[in-house]
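The values are calculated or read from the model by the stated rules, or taken from the named source; none is laboratory data. Predicted, not measured: the structure shown is a model, and the values here were computed from it. Counting neighbours? That spans all protein chains shown, and the Cβs are built from the backbone with ideal geometry, glycine included. These accessible areas exclude ligands, DNA and RNA; they are computed on the full protein's heavy atoms, side chains included. Shrake-Rupley method; radii C 1.70, N 1.55, O 1.52, S 1.80 Å.
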Amino acid sequence: MSAPQVNSPLEDKHHDLHVEDVTRTQDGGDVSADSDELVKSRYDQLSVFQALWKFRRATFYTFLVFTGYTIDGFEVTMAGSIVSNKGFIRQFGSPNASGVYALSTTWVAAWGAIINVGQIIAMTHVSWGLAHRQLVGKLIMGMAIGTLQVTVYPYTAECVPRIGDDDRESMVRLVLNVAHTRYAIGGITASVMMTMTARRQPFYWQLPVYVEMGLVGLMGICFILIPETPWYHGRRGNKEGCFKSMRRLFGNVDDYNQEEEWGIISRSVEHERELLEQTSAVSWSSIFRGTNGKRMFILLLVCTGQQVGGNALMSTYSTYFFQLAGLADPFNATMIQNCVALIAILFYFVVIDRLGRRLPTCTTYTTLTVVLWLVGALYYVKTAAAQTALLALVCIWQPCFTLYTTSYYVIASELPSVQLRMKTGTFVWFYQALWGIALTFAAPPLLGVANIRAAFLFAGLSMPVAILLWFFLPETRSRSVAEMDELFEKRIPAWRTGKFVTEAEKQLDRVLQAEQKAGGQAV
């Protein structure tokens, strides 16, 4: 079955005018030739809300993909809170000298770290069997999250067309905001459930586990429905498969030009392939060479920031952290923290993202580093107000960390090259999981010894990251793959990348101006 004929935007506006009739630009250039060489989509000119409606089918599919992140948020919050549940402690803890049941810090550390081991197993495609039921369950959850992280964000970046001008968000940004919103909703749901369980049935720790099983079934149904991405077929030179994917994703868009979009995909892939041929064949070592090496350094820097920014201390073990700090209701404090995270995501979507990626990322990380120093200092404040101050500081840290993490995942989807996007993503998530194992295993014993002074360690690790981000993190908002290549090839300083006008932008402007002029002449 052949691809359906799809009119171009120009033909749709002027039925008596065809693309081949528009032959010359103002300087005598060939418009059709320029149009055939586009590496930046004409849909980049749409606002986020225009694109949301225009590409509603593609948006719907990406929303289905991110169902998994509701489960992710639910599981991560539940796993971090359940170690403070009385029933869980009674079943898996042991009595101390006073006869009070408690979990050893080593056991809690293993409980937190095993999920990151599962992520690594999933990312390296290893499958093997174990028997210890509780840790195996946590391991399997980690494998699921690892698979989710290494595939979903690249899928979104390739499935949704990039759109937006200097004052608008991109479609990818919108969808990833929805992903993090759903993650936060999952976390809030788990927090509410753990709080109510602690108050009404403190020994019934299995309830949230049963709820998660139902969510997993819903996710499986959603995953069956999603199509493959056009870029997947484009990297394999499969034009028919690419067109089929486009019809499923963009079939409702009347003026969608499949040939033009196929040309953009194939030329972007070819451009990346040409760069790789100058260094070596496409291999794992390619992600560390040339401009790809710069990309990798930046991604690892941002990833390191996420891990050493206090996540293991005040998010992964939030309820445990509040419990050791002496808060009367640690479950309720965790619920407040998750609500603040949701508000931060919505705020980022509405306001902050207009500033791009670079400024919000650098400023929020600098702020959370300062907050970590203050949290550690509260250990020496021996007043009743210290607990209120601690919760207030966490409510400042949480939105900063949430906004930073949201930007990190968007940068991770926008920055890598087309040919190496999956390899880059896999390596970065693997690196992230290693950090996760180290810090989540170290956090409980550290809290047991130093209490909230443990924040000093994370503050010290965060400081150099905060400084380096200002010097190396580029602006990736509304940049195509070819544009990012140009920025790296020309060695544009990170603080100038937001305002730099690329050749791809100049080329697209020439085509649009020529088409507009030709349309005016036809009328």
Report the gain in length on full extension from L207 to N252: 0.36 nm times residue separation, minus Cα-Cα distance, nm rounded to one decimal. 12.0 nm
Please list, in order along the range 459-470, the HN-Hα scalar couplings obtained from phi with the Karplus expression 6.51 cos²θ - 1.76 cosθ + 1.60 (θ = phi - 60°), rounded to whole Hz, x for Gly and Pro. 5, x, 6, 6, 4, x, 5, 4, 5, 5, 4, 5
In terms of the Cα gyration tensor, with a ≥ b ≥ c the square roots of its eigenvalues, is the range 357-450 rounded because a/c is under 1.5, prolate because a/b exceeds b/c, or oblate? oblate
Sulfur and carbon atoms: percent of accessible area, the range 385-515 [1.4 Å]: 68 percent
Going 7 Å from the Cα of R57 along its beta-carbon direction, which residues of the range 217-252 have the amide nitrogen within less than 11 Å of the resulting point? 244-252
Report the rotationally averaged projected area of the range 288-409 based on its alpha-carbon convex hull, in square nanometres. 8.2 nm²
Quick check on the range 423-483: take the gyration tensor over C-alpha atoms, sort the square-rooted eigenvalues as a ≥ b ≥ c, and tell me if it's rounded (a/c under 1.5), prolate or oblate. oblate
Expressed in whole Å with the largest first, what are the equivalent ellipsoid semi-axes of the range 230-279 derived from the C-alpha gyration tensor as the square root of 5 times each eigenvalue? 24, 11, 6
Solvent exposure of the range 348-481 as accessible area per residue, Å², 1.4 Å probe: 35 Å²
Is the range 366-523 rounded, prolate or oblate when judged by the Cα gyration tensor, a ≥ b ≥ c being the square roots of its eigenvalues, rounded requiring a/c under 1.5 and prolate requiring a/b larger than b/c? prolate
Accessible area of the range 291-346 with a 1.4 Å probe: how many percent of it is carbon plus sulfur? 68 percent
Relative to 2.2 N^0.38 Å, what does the C-alpha radius of gyration of the range 202-311 come to as a ratio? Two decimals please. 1.61
